[in-house]
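Here's the structure, in structure tokens; my notes come after.
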Amino acid sequence: VFRELPDDQMARLRAAHEVTVANPKRADQRKAFDAALPTAHGLIGASYSIDETVLARAPRLEAVSSISVGVDNYDLPALRQRGIVLTHTPGVLTETTADTLFALLIASSRRIVELANHVRDGQWTHNIDESLFGWDVHGKTVGILGFGRIGQAVARRAALGFGMPVLYHHRREVECPGLEGHVKAVSMEALLAESDFIVLALPLTEETRGLMNASRFAAMKRGAILINGSRGAVVDEEALLAALDHGHLRAAGLDVFAVEPLPQASPLRRHPRVTALPHIGSATHETRYAMAVLATDNLLQELAGERSECRVP
Ligand code: 8YV
């Protein structure tokens, strides 16, 4: 186990298997993690690169259960080549992550964090003026890049909650029950040019790495706001900073970064028009518990010779 689980889920694992708990990201636990690999039949955790260097030291490994929906930190070809099953936790985190993305959208447009700090720092000494105004959200057009579960949940919030026309760009047209007339599949170019908000809700793959680059920022509607809830590496952060500093982009709400935790020296950390969150997309008590339960179910099923419904294809 390389990410702490709730006690009841640890008890379920211990009732069925010998368990080693070791977070390889922690120097004081890496030795225990390395020592457990040669005899491990299963791994469970998140946010750690399970690649060839790990798999080569785990000859008995049958299943890896990720407490996440994103699986970009797993070497899928190496897992497949070894016949090791990877499972993840889709679905249970959809609504919470969509809440986070929409909160970031509103916070970025209405300057919520900046203005809350204005009060906290004792700067509210007279009636606010136009210099502190934000921008409306309701009725504006939102463009969603990546229209899977999370993207569609964001669309529901935008269309049904805030009267926002929704454009999306996805590898295929998507049926959206209840959103008929509210959402439209468009080209990447149209989405960039017509959206007041661009929400990134796609997985990190070789195709999406660096997708939001200087030319795509330039193609965005002037004054648009970028919201990233996918993976940091989807965005060229230097190009984003340039687009913000040149005034082409109005603001950015970011929950993920190319390097996490965000380095102290990163300009994104204190940029006046960036609202930065520490990768809290699914981070609520309820949802992280549900993810842990599903990940534990997945691992127990796979190690018992049953097929989990959450296998990564
Ligand atoms: C988690 C996530 O923060 O599910 C994902 O892909 O990025 C988040 O839900 C992370 O994976 C650790 O659980």
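The values are calculated or read from the model by the stated rules, or taken from the named source; none is laboratory data. This is a predicted model, so every value here is computed, not measured. We place every Cβ from the backbone using ideal geometry, glycine too, and count neighbours over all the protein chains shown.
Structure notes:
- The single condition from (1) out of contact with any strand residue (DSSP E or B) (no Cβ under 9 Å at 6 or more places or on another chain); (2) outside any helix (DSSP H, G or I); (3) buried (at least 17 other Cβ atoms within 10 Å of the Cβ) that T97 fails is (2).
- Matching entry among L86, L93, L101 (being within 16 Å of the ligand (Cβ to nearest atom), more than 17 Å from the chain's Cα centre (by Cα) and modelled with pLDDT of 95 or more): L86
- Among the residues of this structure, I44 does not count as one that is within 16 Å of the ligand (Cβ to nearest atom) and in contact with a Phe, Trp or Tyr (Cβ under 7 Å, 6 or more places away or on another chain).
- Test: L254 is over 24 Å from G151 (Cβ atoms), in contact (Cβ under 8 Å) with a residue 12 or more places away in the chain and hydrophobic (A, V, I, L, M, F, W, C): no
- Pairs, first more than 17 Å from L249 (Cα to Cα) in the stretch 266-279, second of a type in the set (V, I, T), C-beta under 8 Å, six or more apart: S266/V259; L277/T100; H279/V256
- Annotation: of all residues in the stretch 52-91 being assigned to a helix (DSSP H, G or I) and in contact with a Leu (Cβ under 8 Å, 6 or more places away or on another chain), the one that is nearest to L202 (Cα to Cα) is L76.
- Options A185, A242, A224, A218; residue that is touching a His at 6+ places or on another chain (Cβ under 9 Å), of a type outside the set (S, T, Y) and more than 30 Å from S266 (Cβ to Cβ): A185
- 3 or more residues crowded, with 22+ Cβ neighbours inside 10 Å: qualifying strands (runs of 3 or more DSSP E) within the stretch 196-313: 197-200, 224-228, 249-254
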